[in-house]
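The values are calculated or read from the model by the stated rules, or taken from the named source; none is laboratory data. None of the values given here were measured: they were computed from a predicted structure. Cβ coordinates were reconstructed from backbone atoms using ideal geometry, including for glycine residues, and neighbour counts include every protein chain displayed. Just so you know, the surface numbers come from the protein's heavy atoms only, side chains and all, with ligands and any DNA or RNA stripped out. Shrake-Rupley method; radii C 1.70, N 1.55, O 1.52, S 1.80 Å.
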Amino acid sequence: MRSIPKVGFVSLGCPKATVDSERILTRLRADGYQIASDYAAADLVVVNTCGFIDAAVDESLDAIGEALDEHGRVIVTGCLGARADVIRDAHPEVLAVTGPQAEDAVMEAVQTHLPRPAHDPFLDLVPPQGIKLTPAHYAYIKISEGCNHRCRFCIIPSMRGDLFSRPIGGILDEAHGLVEAGVRELLVIAQDTSAYGLDTRYRTDFWQGRPLKTDIETLARTLGELQAWIRLHYVYPYPQVDRLIPLMADALILPYLDMPLQHGSPSVLKAMRRPAATEQVLERLADWRRICPELVLRSTFIVGFPGETDADFEQLLAFLREARLDRVGCFSYSPVEGAAANALPDPVPEEVKQERHQRFMAVQAEISRAKLAERIGRREIVLVDEVLEEQVIARSHADAPEIDGSVIIDGAWELDPGDFIEVEITASDEHDLYAEPVNGS
């Protein structure tokens, strides 16, 4: 009896790349391939790469090298695949290289080097929600590809192209299927979530016989009808974001916005080709909090961008103190091959970047610690992520998986991942909350 061919899979990069990996894995299973859990069991290995910053390029090249050393038969896809010369210069022995969003090309390469098996689709059933790399109780749902912005530090448009929005009916079908399969939290992602539908001129589509406009407000409102948490990521500060806040106040979607703001100095933002009206951003944040006091704001920033002066950095710290964001990530700028920022004058010395990064994170640590302490004594609904022998790890509405903090519940409890329970917050630190279940929850 001929054995069923097995494909190993290495998935790198952001949640958007994770969704790409899930789609490829789903197609592999639908075509009868099995997924190997290690190199030894695989007949061929696919590596889905990241190429956003130089560190990610290095990680991807290292992963390809490891797969070649451990196995030898390797196909490469993903963002770094858009720069095939970089991959082939480092690893000329790879079998094939494809770019991002290239499921058909990946499948063709796999079938060329590992022929598609004869299989019975009724025996090789794929779950209706497809193959997921996330735990069963949450899932990422990607609503568009590409980006229309040309930020000087970013090469995503050159790898993934301009904005291309998925039909709203198809997104809602996918979301409905995920919730029916037991998913309790949907994390909405894209390169630019708030631009959803712009490329279609917000045309009308249909879902379950209902006419729906292709825009982020309509999508969020309709997703909010499902029995799941809806969390929005990668939201660019467009005016239409204002229309999402009432949906949060009405508990249709989680009161959580992941909005990469990048800096607080108008001159640096202008150099980045980002919106530079920091005062307007602060005013909008204040308005949003008045409408929805429970709103949690996450953002990311870059320090050490070319031309950033001491005064610019002090403006950034002042912005941070006034904005009082709940969750913040910070990156020291590093040149990325192909980025327009490489041509800018006045690079910031590496030691200055690191010093600014440390100062930035110290300021934010105090803000985060204070904001978490304000929640002590409150009762909140949390979603269980992991159940250990003497501890339960959960998340509140303020915590996205993997990037934010946790709600830690000490003790042995009869709970399962995906359960919602009510807790009382009893303590906090710089990153996490500690809680006890409320009787009867």
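Summary table
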read-out	value
Sites Arg88 and Ala55, calculated FRET efficiency, Cβ-Cβ separation with R0 22 Å, nearest 0.05	0.60
Extension gain (nm, one decimal) between Ile4 and Ala136, 0.36 nm per residue minus Cα-Cα	44.9 nm
Radius, Kirkwood style, for segment 52-124 when every pair of distinct Cα atoms is counted (Å)	13.3
Carbon/sulfur fraction of accessible area - the chain, other protein chains in place, 1.4 Å, %	51
Alpha-carbon centroids, segment 272-292 and segment 226-241: separation in whole Å	16
Quotient of Cα Rg and 2.2 N^0.38 Å for segment 198-251, N being how many residues it contains	1.17
Glu430-Gln111 FRET efficiency (beta carbon distance; Förster radius 51 Å; 0.05 resolution)	0.55
Mean projected area (nm²) of the alpha-carbon convex hull when segment 385-441 is viewed from all directions	3.8
Distance in nm between pseudo-label sites at Arg273 and Phe420 (7 Å out along the Cβ direction from Cα)	4.3
Debye intensity ratio I(q)/I(0), log10, segment 302-366, q values 0.13, 0.20, 0.23, 0.25 Å⁻¹ (C-alpha model)	-0.36, -0.79, -0.98, -1.09
Mean ellipticity per residue at 222 nm, deg cm²/dmol - from DSSP H runs of n ≥ 4 across the chain, formula -39500 (n - 2.57)	-10000 deg cm²/dmol
Along each principal axis, Cα extent of the chain, largest first, Å	66, 61, 49
Global geometry of segment 162-206, whether rounded, prolate or oblate, following the gyration tensor of its Cα atoms and the 1.5 cut on a/c	oblate
Reciprocal mean inverse distance between Cα atoms of segment 239-354 - Kirkwood radius, Å	15.3
Pairs of lysine residues in the chain - Cα separation under 22 Å, sequence separation of 8 or more or cross-chain	6
Segment 259-403 - percent relative contact order, Cα under 8 Å, separation 6 or more	22
Mean Kyte hydropathy of 0.5 or more with a Cα span along the axis of at least 15 Å, helices from DSSP in the chain	168-180
Per residue accessible area in Å² of segment 270-321, where ligands, DNA and RNA are left out and the probe is 1.4 Å	46
Spatial extent of segment 287-332: Rg and Dmax, with the Cα atoms as the point set, Å	12.8, 37
Segments 429-436, 137-144 sorted - mean Cβ within 10 Å per residue, highest first	137-144, 429-436
Over segment 334-419, relative contact order from alpha-carbon pairs under 8 Å, at least 6 apart, %	20
For segment 257-310, projected area of the alpha-carbon convex hull averaged over all directions, nm²	3.9
Accessible-area value, Glu283, 1.4 Å probe, nucleic acids and ligands omitted, Å²	110
Cβ-Cβ FRET estimate between Asp410 and Glu374, R0 fixed at 22 Å, reported to 0.05	0.55
Cα-projected label distance for His149 with Ala365, points at 7 Å along beta-carbon direction, nm	2.9
Cysteines not pairable in the chain (beta carbon separation under 4.7 Å absent)	Cys14, Cys50, Cys79, Cys147, Cys292, Cys330
Cα Rg, Dmax (largest Cα-Cα span) when computed across segment 129-220, Å	14.2, 43
Segment 394-428-segment 304-323 distance, computed between alpha-carbon centres (Å)	34
